1. Using Cβ contacts closer than 10 Å as the measure, can you line up LYS9, LYS573, LYS355 from fewest to most?
2. Pop a pseudo-label 7 angstrom from the Cα along the beta-carbon direction at both ASN28 and GLN424 and give the gap in nm to one decimal.
3. If I take R0 = 41 Å and measure r between the Cβ atoms of GLU495 and ILE251 in this structure, what FRET efficiency does the formula 1/(1 + (r/R0)^6) give, to the nearest 0.05?
4. Going by amide H atoms built from the backbone, whose H comes under 5 Å of the H on ASP230, apart from near neighbours?
5. When the convex hull of the Cα atoms of the range 169-283 is projected onto a plane and the area is averaged over all directions, what value comes out in nm²?
6. Whole angstrom only: what separates the Cα centroid of the range 346-383 from the Cα centroid of the range 225-285?
7. Could you work out how much longer the chain between ARG270 and GLU395 gets when fully extended? Use 0.36 nm per residue separation minus the Cα distance between them, nm to one decimal.
8. Which pairs in the list LYS192/LYS437; LYS187/LYS573; LYS214/LYS573 are over 21 Å apart, alpha-carbon to alpha-carbon?
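No lab work stands behind these numbers, since they all come straight from the coordinates. Bear in mind that the values here come from a model prediction, so they are computed numbers and not experimental data. Backbone-built Cβ (ideal geometry, glycine too); neighbour counts: all protein chains shown.
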Amino acid sequence: MRDDKSALKTAALIMLILSFLLLWPSYNAASQAVNTTFAPYNAKLAEAKLPLLNMLDIIRPHTANDQMYPKRFWKTTGKACGSDCLAQVAMRAAKVGPVPLPWIAGAGGTLLLFGGLAALIAFPQGPRRNKINLDRHKITLKSRADTLPIVQRGRSQWGIMRRPDLKTGGRREFGNGIFLGAPGRGKSSLLKSWLLLSDALNFVVIDLKGDLWKDTAGHRAQLGPVYRLDLSTLTGHALDPFDTDKKADVIGLFEILLPTDEARTAHFNRAAQEIAGAYWEAAHLLKLPTLPVLVEAATGSAADMVQQARELVEAAPEGKRAELLRTFRGAFGSIWDDVEAASGGERGSVLSSFKSAFAGMQTPEILTTLAARTFDPAELVERRATLYITAPSTEAPYKAPLEMLLGAVIDEIFAYVDGHAPGQEIVILADEAGALKIPRFNNTLETGRSRNVTLTAFLQDLGQLRQYHPQGWRGITDTLNHWTFWRSNNPDAREFLREQCGVFDQPNPSRDPDERRRHPYIELNAFDELGAWHETAVISLLDYGQRSYVVHGTAVNPYKGTAKARMGQTPPKLPRLALRARPAPVAAITEPAAIPEVASHSVKPNAAPMVFEDVLDEETF
């Protein structure tokens with residue numbers, strides 16, 4: 001727990017003030033007595049045009065040859081007599097008896113002694129030029145549009161994400177952030193307040209509970225376009241993550257579904273990725289949505305998979321059939337000619353991996369969301385728009401689609417910005433970033449800020465960052481600008497705060513000069529306070545220009561101030577969402593002539609979102 005020295009500081013201040021009030025009249029009385037003793041000699045010194053004697057000459061005289069001399073004369077002449085003989089006589093006369101001092105001088109001196117000791121304890125002489133300071137630098141917010149509030153004390157809000165003025169050397173974009181807290185600590189309320197208050201920003205938010213959509217979508221719709229990629233209903237917008245010409249992006253999506261980072265399953269998943277890649281090439285040639293093709297293959301038998309692949313080859317353009325056939329034959333291996341080979345052995349394990357990755361996504365809600373494109377990244381970049389990505393949970397079968405959707409959105413935004421120019425500020429709010437595995441996580445942290453795209457990840461445990469970097473938070477510290485902890489006193493959080501802030505009364509032991517310059521000392525009580533706060537208390541490390549600050553306070557309450565006023569008003573109606581079209585079954589494609597009937601739902605940049613005639617009211621949700 002933090003050591004509260006406020007009472008000791010108050011006592012020290014009172015004792016010092018009282019000692020001054022007592023010693024000042026004592027000094028005046030003593031000075032008057034000394035002046036009376038020196039009066040006849042000062043007259044002679046004045047006639048000789050020599051400096052007059054005062055109380056300091058008797059308090060600290062110079063002694064030589066058993067005689068006392070004022071220091072001012074001794075330093076000037078260095079003689080035992082001569083021009084200072086008059087002063088010598090005066091000093092002898094003053095030595096005859098003690099100078100009378102009032103009794104209050106003793107009390108004043110005692111208070112001064114104890115007040116000084118208390119001040120040394122209450123106000124230690126620490127290295128106050130350290131990088132991280134505690135509760136001593138309040139950041140003044142210029143406007144609500146330039147701030148995403150996170151910590152508040154009293155009536156003032158302190159910003160954890162802010163764009164400083166470029167003239168002062170600040171950044172033009174918001175910084176990346178990590179927010180750490182167990183369930184129920186108020187992360188959803190924080191997101192809600194941001195969406196209600198930050199009118200000048202674009203947001204991409206993972207809305208697992210659906211509360212953010214219900215409480216904020218009406219307000220956001222008044223500012224600009226509102227999109228919803230919902231894996232739990234048949235309404236909303238759609239985005240086909242496989243609708244791309246970049247094979248590297250497709251391989252990244254397959255890596256989400258069939259990870260190869262575990263040695264036990266790496267070989268089988270890699271072979272399953274080759275089968276999925278062959279189906280993607282066929283769907284890409286035929287301009288079909290890829291996911292329904294993959295799901296239909298995964299839900300059938302081995303013979304059905306081979307038959308479906310042969311039909312796709314036959315339906316492909318004549319000039320591409322031979323190449324596509326070689327791709328399928330290489331991916332299936334011995335199964336292509338002998339289906340019985342899939343009954344066991346290595347090829348059977350490969351097909352099992354393929355089926356486990358795609359079979360669970362056969363629900364109409366997932367298929368319609370990932371089988372077309374009615375989301376335009378130009379709207380999100382150029383206009384003040386909001387994108388909600390909704391799913392019932394982060395468990396199967398929704399985990400992989402959620403990750404693919406967010407990865408596809410990031411790729412779409414980056415591709416548009418790189419091809420055109422950075423537009424509106426975009427803040428990605430990745431809730432449950434520990435339960436999910438956000439694609440392009442490190443790349444977004446490192447390069448997103450140059451594109452006006454920043455990532456804010458919400459975690460339950462700091463150890464969850466190990467899935468993004470082998471060294472955990474140590475590997476991504478330099479790409480983050482602020483950290484916030486909701487009373488998370490777990491070992492990882494304590495270790496982070498110790499290592500990031502150091503020990504306040506000890507120098508940084510690092511041998512790296514840059515590290516010692518950035519973090520010369522540590523605030524000891526930064527991590528000691530974590531275990532003593534109430535439920536809504538937070539601690540934030542705020543990167544502001546060339547300095548960092550430790551900010552203590554209370555989590556922002558969205559049910560007060562402007563946010564409360566907006567929520568208390570008659571809420572705007574939720575945006576109307578269209579009923580998504582279901583993809584045609586792949587089995588219906590038997591000849592090339594049927595291909596144009598299954599057109600792609602791609603939209604060109606700057607095109608308006610697709611609107612369906614079959615519209616449902618908001619009560620549907």
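1. Least to most surrounded, the residues fall as LYS573, LYS9, LYS355.
2. 7.1
3. 0.70
4. Those lying under 5 Å, H to H, from ASP230 are HIS237, THR390.
5. Approximately 11.9 nm², given one-decimal rounding.
6. Their Cα centres are 6 Å away from one another.
7. Going from the current span to full extension adds 42.7 nm.
8. Pairs exceeding 21 Å: LYS192/LYS437; LYS187/LYS573.
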